[in-house]
Structure formats: C-alpha cells, structure tokens
Amino acid sequence: MGSFETNISRVTSFTLSGFPEMEGLEHWLAALLLLLYAVSILGNSLILFIIKEEQSLHQPMYYFLSLLSVNDLGVSFSTLPTILATLCFHTPETAFDACLIQMFFIHFFSWTESGILLAMSFDRYVAICNPLHYSTVLTDTRVAHMGISIIIRSFCMVFPLPFLLKRLPFCKGNILTHSYCLHPDLIRLPCGDTTINSTYGLFIVISAFGVDSVLILLSYVLILHSVLAIASREERLKTLNTCVSHICAVLIFYVPMVSVSMVHRFGKHAPEYVHKFMSLIYLFVPPVLNPIIYSIKTKEIRKRLHKILKSKY
C-alpha cells in the first residue's frame with residue numbers, strides 16, 4: 001500500500017485536453033487564437049513604445065497603463081507555449097513541474113492585473129477629486145513604489161499554490177480540462193484532502209479580487225459624487241470621459257473572472273466546453289481589448305499611432 005501511494009503521488013506529466021468537441025475545426029480555432037495572440041502582443045507592444053517615445057505621456061496614468069500592457073504581455077506569453085503545443089503541434093503532454101510553473105505565472109499575472117486596475121482607479125480619484133495635489137500625491141517615486149507593492153503582493157499570494165499542490169498524491173488521472181494549467185483544474189485530480197488548497201484559493205480570491213473590486217467601486221462612488229458637484233453638464237461629461245477607458249478595462253477583467261469563478265464553484269455539472277469557453281474569455285479578452293480601448297479613447301496615443309501608420313504607408 002505504501003508503494004502504491006508513492007507511485008500515485010509521482011505524476012510526471014499532465015495531458016492538456018484541448019478542444020476535442022471541435023474535432024475538424026481545430027485548425028480554425030488555432031488560427032483564431034493565434035490571431036488574438038498577434039493582436040494582443042502587437043497592441044500592447046505598441047502602447048509601450050508610444051508611451052516611451054511620447055514625452056507628454058510620461059505621467060502617472062500612463063505609467064500604470066505601461067504596467068498593464070507589460071502584464072497583458074505576460075498573460076499572453078504564459079499561455080502561448082501550451083496552446084501552440086496542443087492545437088498546432090498536437091503534443092498535449094506537459095511536464096508536472098512545467099505545468100505548476102505555468103499555473104503560477106497565469107495566476108500571478110491575474111492578481112497583478114487586479115492590483116494595477118486598483119492603482120489606476122486611485123489615479124483617477126486623485127486626478128478628479130483632488131486635482132491641485134495630483135502631482136504631489138502621485139510622484140514618480142510613489143508610482144514606482146505602488147507598482148513594486150502590487151508585484152510583491154501578487155507573488156506572495158500565488159507562491160504557495162505550487163507547493164500546496166506538490167504535497168498531494170495525484171491518483172484521479174492526469175488529464176486537464178484546458179490547454180493550459182489552472183489551479184481550479186489541477187485540484188480536481190489529487191486523491192488526498194484538498195481542503196487546504198480550496199480554502200487558501202478562496203482566501204486569496206476574496207482578499208485580492210474581492211477587496212480590490214470593492215475599493216475600485218468606492219473610488220468611483222467618490223468620483224461620481226465629485227463630478228455631480230460640477231455645475232456645467234459639458235464639464236461633467238468631459239471629466240467622466242477620462243474614466244471611460246479604465247471602466248472598460250475593469251469590466252472586461254472582472255466580469256469574465258467572476259464568471260469563471262462562479263462556473264468552477266457552482267457549475268460543476270456544466271458541460272466541459274462551458275468551462276473552456278469561459279476560461280478562454282478570461283485569459284484572452286483583456287490582453288486583446290485593453291490596447292484597443294486605450295488606443296481609441298486616448299487622444300495622444302491615437303495621434304501617435306496615426307503618425308506611425310502614416311509614416312509606414
């Protein structure tokens with residue numbers, strides 16, 4: 001019995017199931033996902049280039065946007081290897097440790113994005129509610145400290161997850177639902193007690209996503225209160241317009257994230273393709289749409305982008 005437990009705990013690899021429901025359409029799906037990767041990587045790289053080159057964008061709001069673009073590139077590159085292996089090269093096997101590393105980075109970038117969106121909401125709050133002190137409150141040093149704090153917080157929260165999984169014996173097979181490794185997917189496979197894993201996972205979701213979303217909502221309540229005090233309707237709309245990009249970024253991150261969490265916890269009997277579809281939206285939509293939204297809504301970025309395209313053609 002002892003040797004059996006030793007053997008089942010030493011799973012050497014996982015099989016990423018991909019999309020067997022779409023047999024015959026996998027080439028089209030691969031093409032679509034590769035297109036989304038291209039849009040994400042190109043769009044976020046352009047945002048970083050434009051902010052670096054445009055002196056007028058060297059201010060806190062765009063520093064946070066730069067951090068968001070770097071984070072979105074991280075999300076794309078952390079899922080790309082196994083998506084390519086599964087859909088394009090038909091090699092769905094991934095090593096146990098490699099899977100845990102991918103899981104770490106996917107969740108690390110998710111937690112980091114939540115923190116960045118919170119920092120961006122604080123930026124909008126100070127800019128609108130306390131504009132005279134904006135430059136003294138959000139100095140370059142303070143922005144750098146906020147960015148480092150967000151990264152350290154995310155690392156500390158996600159760091160225990162691989163070790164909590166490694167201590168468990170895996171005996172319920174090694175087939176994962178998705179084309180990448182996610183913590184809710186991995187904790188279905190051990191035959192040991194996963195109470196600690198589930199409890200810790202729920203704790204960090206509430207303490208990070210829960211707290212961040214509440215603080216973002218609070219910042220917008222205060223912003224709205226301040227905006228409604230402005231007499232001119234045109235000025236109110238102009239002020240609120242500076243928040244549109246951030247509001248869109250918050251919605252396209254939190255709505256899929258909450259949906260994925262709800263499906264995993266309360267939709268266990270839902271078809272597998274529902275879980276896969278929700279996870280795809282969660283991981284692909286924000287990195288693709290964020291640069292598009294900010295390019296459309298930010299005049300300086302739009303002008304610089306137009307200048308780049310004009311010089312090319």
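Return the residue satisfying two criteria in turn: it lies in segment 151-198 and is touching a residue at least 24 places away in the same chain (Cβ under 8 Å) and among the β-branched types (V, I, T), and of such residues it is nearest to S114 (Cα to Cα).
Looking at residues that are touching a residue at least 24 places away in the same chain (Cβ under 8 Å) and among the β-branched types (V, I, T), I get I151.
What pairs come up if the first residue lies in segment 35-61 and is within 19 Å of M120 (Cβ to Cβ) and charged (D, E, K, R), the second is open to solvent by less than 10 Å² (accessible area, probe 1.4 Å) and in a helix (DSSP H, G or I), and their beta carbons are under 8 Å apart, counting only those six or more places apart or on different chains?
Matching pairs, first to second residue: E54/I301.
If I ask for residues that are among the polar types (S, T, N, Q) and within 15 Å of S110 (Cα to Cα), which ones from segment 199-226 would you list? Lay out the reasoning, then the answer.
First, the residues of segment 199-226 that are among the polar types (S, T, N, Q): 199, 207, 213, 219, 226.
Hits for segment 199-226 are S207, S213.
Under the condition of being open to solvent by less than 80 Å² (accessible area, probe 1.4 Å) and assigned to a loop (DSSP other than H, G, I, E, B), which residue from segment 230-242 is farthest from I128 (Cα to Cα)? Break it down into steps so the answer makes sense when it comes.
Within segment 230-242, the first condition is being open to solvent by less than 80 Å² (accessible area, probe 1.4 Å), and the residues that meet it are 230, 232, 236, 239-242.
Right, trim to assigned to a loop (DSSP other than H, G, I, E, B) and you get 230, 232, 242.
Working: I230: 11, S232: 15, T242: 9 Å.
So the residue we want is S232.
Quickly run through segment 72-96 and pick out the residues that are aliphatic (A, V, I, L, M) and more than 16 Å from L32 (Cα to Cα). Spell out the reasoning first.
Let us first name the residues in segment 72-96 that are aliphatic (A, V, I, L, M), namely 73, 75, 80, 83-85, 87, 95.
Within segment 72-96, L73, V75, A95 qualify.
Do we have L100 as out of contact with any Pro (no Cβ under 7 Å at 6 or more places or on another chain) and not β-branched (V, I, T) here?
Values: out of contact with any Pro (no Cβ under 7 Å at 6 or more places or on another chain): no; not β-branched (V, I, T): yes.
When the stated conditions are applied, L100 does not pass them.
Restricting attention to segment 70-94, report how many residues are more than 27 Å from W28 (Cα to Cα) and either in contact with a Pro (Cβ under 9 Å, 6 or more places away or on another chain) or not β-branched (V, I, T) (or both).
In the first step, residues of segment 70-94 are kept if they are more than 27 Å from W28 (Cα to Cα); the result is 70-71.
Checking the rest, the ones that are also either in contact with a Pro (Cβ under 9 Å, 6 or more places away or on another chain) or not β-branched (V, I, T) (or both) come to 71.
The total comes to 1.
Do you know which residues across segment 46-65 are open to solvent by 10 Å² or more (accessible area, probe 1.4 Å), modelled with pLDDT under 90 and assigned to a helix (DSSP H, G or I)?
Matches in segment 46-65: E53, Q55, S56.
Residue check, L68 against (1) surrounded by fewer than 22 Cβ atoms within 10 Å (Cβ to Cβ); (2) under 13 Å from the mean Cα position of the chain (by Cα), all met but one. Which one?
Looking at each condition in turn, L68 falls short on (1).
If we scan segment 262-284, do we find a residue that is at pLDDT below 85, within 30 Å of L176 (Cα to Cα) and hydroxyl-bearing (S, T, Y)?
Yes, segment 262-284 contains at least one residue that is at pLDDT below 85, within 30 Å of L176 (Cα to Cα) and hydroxyl-bearing (S, T, Y).
Could you please let me know if V255 is under 30 Å from I83 (Cα atoms), at pLDDT 85 or above, within 21 Å of the chain's Cα centre (by Cα) and open to solvent by 50 Å² or more (accessible area, probe 1.4 Å)? Reasoning before the result, please.
On the way: under 30 Å from I83 (Cα atoms): yes; at pLDDT 85 or above: yes; within 21 Å of the chain's Cα centre (by Cα): yes; open to solvent by 50 Å² or more (accessible area, probe 1.4 Å): yes.
So V255 passes the test.
The values are calculated or read from the model by the stated rules, or taken from the named source; none is laboratory data. Here the structure is a predicted model, which is why all the values come from computation and not from measurement. A quick note on method: Cβ atoms are made from the backbone with ideal geometry, for glycine too, and the neighbour counts reach across all protein chains shown. Surface accessibility is based on the protein's heavy atoms, side chains included, excluding ligands, DNA and RNA. Shrake-Rupley method; radii C 1.70, N 1.55, O 1.52, S 1.80 Å.
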